[in-house]
Each structure stands twice: as structure tokens, then as C-alpha cells.
Amino acid sequence: MAGSDFDVVIVGGRCAGATLSTMLAQQGVKVCVVDKAGFPSETLSTCVFQSNGVDVLRRIGVLEEILAAGASVIRGATVTSTHRKFTVDLDPDSYGTLLGMRRTTMDAILIGHAARAGAEVRTQCPVEDVIIEDGRARGVRTRAGEIRARVVIGADGRSSTVARSVGAREYCTRPGGRMPTWSFYEGVDPSQGLFFGAVGGTRSGSTAFLGLPLDGQFLTTVAVPTAEAEQYLGDRYAQFDARLQLFPELAAAVEGATRVGPIRVLQKWHSYFRESAGPGWALVGDAGNFKDYSLGQGQSDAFRQAEYLAGRLAAGLAPGADLDSDLAEWWRWRDRDAWQLYWANCLLGEPYLPDALADGLFGLAAADEAVALDFARIFNKSVTTLRAAATPARLARIAPRVVGSQFTAPNRGLVGNARATAEIASFTAKLLSQHPRSPWNRRHTQRINDRRPVLGLS
């Protein structure tokens, strides 16, 4: 095997790992990135890249290559709830560049860019575990031998080998409320925009949708309440096509197109934070934080997290620096950055949210372009969820409808709505108590030394 001593070894070479390795190599850090897969290869993904993540790609010098490879620039969105819908213009000059691209294409470009930047790339190289000596991570064991490094980074997704090896525990977990199923199509008008929303109609709650153009294909996702998963999977193709009719604009976009490959299914999943730093190691991307797909944040969060972590690693690896303190600061930043959209994704991922809440908010957006653009800017984090949806004026306009829905919802009735509202309130309170600025969070300040913090540790 080629040289096996590095400053940093990164396990996982997709959005988070490839981007991080590029940034480190560009700063002169000796870095090796390994992945069990070869490239190109498919992986679970919404395939949507928010503009704040695309900005990172521009900064590392790979965006032009991605655009030349056929990434779709999405210029508008159609958003629906059960009874209301709105459209919003996503002009790149004012909103930023929103892209759709298959991960088979994107990941191959990113890992190639990392290699050209000077990172050592080893694909089809499964990692078995992390080398721990004197309580610190010192490298990884692969089937081809050991790779030694001062820092081990886990960018290896939900089933992270690094997280398992170092014993990184989960916190603020949330069960998945819906079962996503998705398919790719060919022959869809490439000028189609983004489709997003959730529509009620069953006793178990609403079905969620996502659709967007990619490089030469079109992705369509239908996510049904988990309570209906068994029935749905009994005939997933018929069920997929039938549910799609609940969102007529999305159904029309793929009408006459050819489905490519099978309908994919994600059954066993949940949202979580993981402890994401320790002596000589850190987690980034889905390895450290995974949330409901509803707002399509995973890829862009991976890029943004990689950029911040690269800065902390460069500082921590400098002579005389306190590496572990920089890794701990990375973890704190990640939780502060992720908290609000984690909350939003988890709640939007629940199929039982009162229709009147979304209907009321989307009704405001349909009548006011500024409100619609605020909602769109939640996706790229230029507007916070609470600022967009929970200003006093906006809440005052929709509150009577939401309260009334507790008594008039036809599918679940008063008891079901009250239970759903109580569950939402409980989850929100749990996250609020662990917010970075929460007074209840102070008692956890010292837990970073024991690697047992909670969300947003100060």
C-alpha cells in the first residue's frame, strides 16, 4: 500500500467527505479519503442542492464542472398543502443557484476534484474500525491495511463505521413519520421546477411529495404515513401512481414519461443527532446528524459542515494548537446551526400535522409574494423557520383556523388532533430545552469533557 501516515483520514468520499478532503488538501493538509464504494455509484438522496451549499461548491472551484455535466438549475417551485398551493420564483440572481443532480454524477465529480486538489483517494476500500490507542483515535483499519492519521473523520453516513467504533451516542432522536418511496423518470420537460408539499386524505394522515429535474432525469418521491407502509408495499407501483394524483401538478409533470429502474423504498430510518467529536475524531454530514428529508437539506448541510470543519481542523493541526478544543467547537457549531431546521424537518415529516396549519400558512404565501419567498428561503437558511412562519402578524391571521381544526378535522376528530398537537408540543419543548441559548442547558456545559453533551451545548 502507498504511504499510510496522514494528518487526516476521512472515511466516506461523498458530499461531506469529498468536499472536506478537497478543502484540506487545498490548505496543504496531508489527507486521505477512503470509501467502500467505487464511483460513480448510487446512494440514498433527495438529489437537491440548496443554494447555500452550491455557494460552497463555487468556493472550492468545482461548480463550473458540475454545471457543465448537466446539473439542472431550478428556477421555480410549486408548493402544496391539502387545500392550498402557491408558486414561487427562484431567480438565481436573487435567490441563489438551486440545483438538481443525480448523486451518481455529483459524487463522481466531487471525489475526482478532491484527487486533483491533492487528496489521496482510495475507493473500494472498506474500513473495518477505528484504531484507538491511549484513548485517542489514531487511524483506521481497512481490509488492505492500516491508515494512520492524527485525526479520523467519519463522513460515512447513517450506518457510520466511525461512529460505531468510537461509541458515538445518539440524542434528540425522532422516529420517521413517513416511508419515502421514489423513482426516476426520463422524458420529462427539463424546464420543470421543484414540486414540494403534503396532501391529506387518509385516516393515517398526509402523503408527502418531492419532485425535481436532474441531469437528464426527473426525480419523484411519494412518502406515505408509516402506518400505511404494509398496505402500500403490497402493490407499490399502483399505489405510487395513485398517490401521485393527489398532487396534480407533479402528476402532470411526469405524465407520458418513462420510469427508469425500480421504485426505491426507505423503510428503517429515524432522525438523530450523534455525539460528533472526541479525542482525535469527529463526525460530519449524515454520520453526525440525519433528519427527515422533507426540506432537502442533507447535501447542502454536508457541504457547509465540511467548510466549517475544514477551518477548525486547519487551526487545530497547527503547531501548539489544541486540536480537541477545535473539534469540540466544530460540534457546538454544528448543533447550533442545525437546531431550527432539524425541528422543522421533523415536524414537516409527521403525517398528522393539522391541515389548517399548512393551509393557513400557504394561503398567506399564495396571496403575498414576499411571504412565498420567505418560505422558499427557509430551504437555503437565509430566513429562519420561525421568522418565516411564526411572526406575530402571520400567526394572528392563521391561529383561528388552526384552533378550529382541532374540532372539525374529519379523519381523526378531537381526540386524534389533541393527541397529535400534544406530541408536537412535547417534541418542540424537548428541543427548546436543549437550545444553545436555553437556561436549562447550562447544567450540561461541562459534559463536553465527558463526550456526553446535548443539542447545542454551550
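What about G285, is it modelled with pLDDT of 95 or more, outside the structural domain of R84 (by TED's automatic domain parsing), surrounded by 19 or more Cβ atoms within 10 Å (Cβ to Cβ) and over 26 Å from M101 (Cβ atoms)?
Working: modelled with pLDDT of 95 or more: yes; outside the structural domain of R84 (by TED's automatic domain parsing): yes; surrounded by 19 or more Cβ atoms within 10 Å (Cβ to Cβ): yes; over 26 Å from M101 (Cβ atoms): no.
In short, no.
Taking strands (runs of 3 or more DSSP E) that do not extend beyond region 243-343, which have at least 1 residues that are closer than 19 Å to C15 by Cα and in contact with a helix residue (DSSP H, G or I) (Cβ under 7 Å, 6 or more places away or on another chain)? Give the derivation first.
Numbers: elements: 258-265, 270-274, 281-283.
Here the list reads 270-274, 281-283.
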*Failed item in (1) surrounded by fewer than 17 Cβ atoms within 10 Å (Cβ to Cβ); (2) in contact with a helix residue (DSSP H, G or I) (Cβ under 8 Å, 6 or more places away or on another chain), with E64 passing the rest*: (2)
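Under 23 Å from R59 (Cβ atoms), modelled with pLDDT of 95 or more and of a type in the set (K, R) - does that describe any residue in region 335-344? Show your work before the answer.
Initial filter on region 335-344 (under 23 Å from R59 (Cβ atoms)): 336-338, 341.
Add one more test, that the residue is modelled with pLDDT of 95 or more, and what stays is none.
No: region 335-344 contains no residue that is under 23 Å from R59 (Cβ atoms), modelled with pLDDT of 95 or more and of a type in the set (K, R).
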*For region 54-106, how many residues meet the condition of being among the small types (G, A, S) and more than 30 Å from G205 (Cβ to Cβ)?*
8
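From A318, A328, A358, A314, grab the single residue that is of a type in the set (A, V, I, L, M, F, W, C) and more than 22 Å from R138 (Cα to Cα).
Working: A318 fails: more than 22 Å from R138 (Cα to Cα); A328 fails: more than 22 Å from R138 (Cα to Cα); A314 fails: more than 22 Å from R138 (Cα to Cα).
Result of the check over A318, A328, A358, A314: A358.
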*asked:* Go through region 36-56 and report how many residues are assigned to a helix (DSSP H, G or I) and out of contact with any helix residue (DSSP H, G or I) (no Cβ under 6 Å at 6 or more places or on another chain).
replied: 3
*Could you say which residue among Q267, Q297 is surrounded by 24 or more Cβ atoms within 10 Å (Cβ to Cβ) and under 24 Å from M101 (Cα atoms)?*
Q297
_Selection count where residues are part of a helix (DSSP H, G or I), farther than 21 Å from N289 by Cα and not aliphatic (A, V, I, L, M), scope region 1-30_ = 2
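Within 30 Å of K85 (Cα to Cα) and either without any contact (Cβ under 8 Å) to a residue 60 or more places away in the chain or not aliphatic (A, V, I, L, M) (or both), is that true of W331? Give the steps one after another, and end with the answer.
On the way: within 30 Å of K85 (Cα to Cα): no; either without any contact (Cβ under 8 Å) to a residue 60 or more places away in the chain or not aliphatic (A, V, I, L, M) (or both): yes.
Judged against the criteria, W331 is not a match.
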*Would you be able to say whether some residue in region 349-361 is in contact with an Asp or Glu (Cβ under 8 Å, 6 or more places away or on another chain) and in a helix (DSSP H, G or I)?*
no
*Test each condition in (1) within 30 Å of D91 (Cα to Cα); (2) in contact with a Pro (Cβ under 6 Å, 6 or more places away or on another chain) for T207 and report the one that comes out false.*
(2)
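The rows are residues; the columns are (1) without any contact (Cβ under 8 Å) to a residue 60 or more places away in the chain; (2) among the hydrophobic types (A, V, I, L, M, F, W, C); (3) closer than 22 Å to F196 by Cβ; (4) surrounded by fewer than 24 Cβ atoms within 10 Å (Cβ to Cβ).
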{"residue": "S4", "(1), (2), (3), (4)": "no, no, no, yes"}
{"residue": "R14", "(1), (2), (3), (4)": "no, no, no, no"}
{"residue": "T22", "(1), (2), (3), (4)": "no, no, no, no"}
{"residue": "C32", "(1), (2), (3), (4)": "no, yes, no, no"}
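Restricting to region 10-47, give me the number of residues that are charged (D, E, K, R) and touching a strand residue (DSSP E or B) at 6+ places or on another chain (Cβ under 6 Å). I'd like the intermediate steps shown before the answer.
First pass over region 10-47, keeping only residues charged (D, E, K, R): 14, 30, 35-36, 42.
Okay, now just the ones that are also touching a strand residue (DSSP E or B) at 6+ places or on another chain (Cβ under 6 Å), so 30.
The qualifying residues number 1.
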_Qualifying residues in region 90-109 (those that are under 14 Å from G76 (Cβ atoms) and polar (S, T, N, Q)) - the one surrounded by the fewest Cβ atoms within 10 Å (Cβ to Cβ)_ = S94
*Report, by residue number, each residue of region 300-316 that is under 11 Å from the mean Cα position of the chain (by Cα) and either small (G, A, S) or surrounded by fewer than 24 Cβ atoms within 10 Å (Cβ to Cβ) (or both).*
S300, A302
_All positions within region 269-324 that are more than 23 Å from S165 (Cα to Cα) and among the hydrophobic types (A, V, I, L, M, F, W, C)_ = L295, F303, A314, A315, A318, A321
*Out of the residues in region 424-439 that are of a type in the set (S, T, N, Q) and at pLDDT 75 or above, which is farthest from N345 (Cα to Cα)?*
S426
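So that you can scan it fast, the table gives a plain yes or no per residue for (1) within 25 Å of A376 (Cβ to Cβ); (2) without any contact (Cβ under 8 Å) to a residue 24 or more places away in the chain; (3) in the same structural domain as T78 (by TED's automatic domain parsing); (4) among the β-branched types (V, I, T):
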residue: Y185; (1), (2), (3), (4): yes, no, yes, no
residue: F196; (1), (2), (3), (4): yes, no, yes, no
residue: T221; (1), (2), (3), (4): yes, no, yes, yes
residue: Q231; (1), (2), (3), (4): no, yes, yes, no
residue: D235; (1), (2), (3), (4): no, yes, yes, no
residue: A238; (1), (2), (3), (4): no, yes, yes, no
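The values are calculated or read from the model by the stated rules, or taken from the named source; none is laboratory data. These numbers were taken from a predicted model, which means no experiment stands behind them. Using ideal geometry, Cβ is built from the backbone for each residue, glycine included, and neighbour counts are taken over all protein chains shown.
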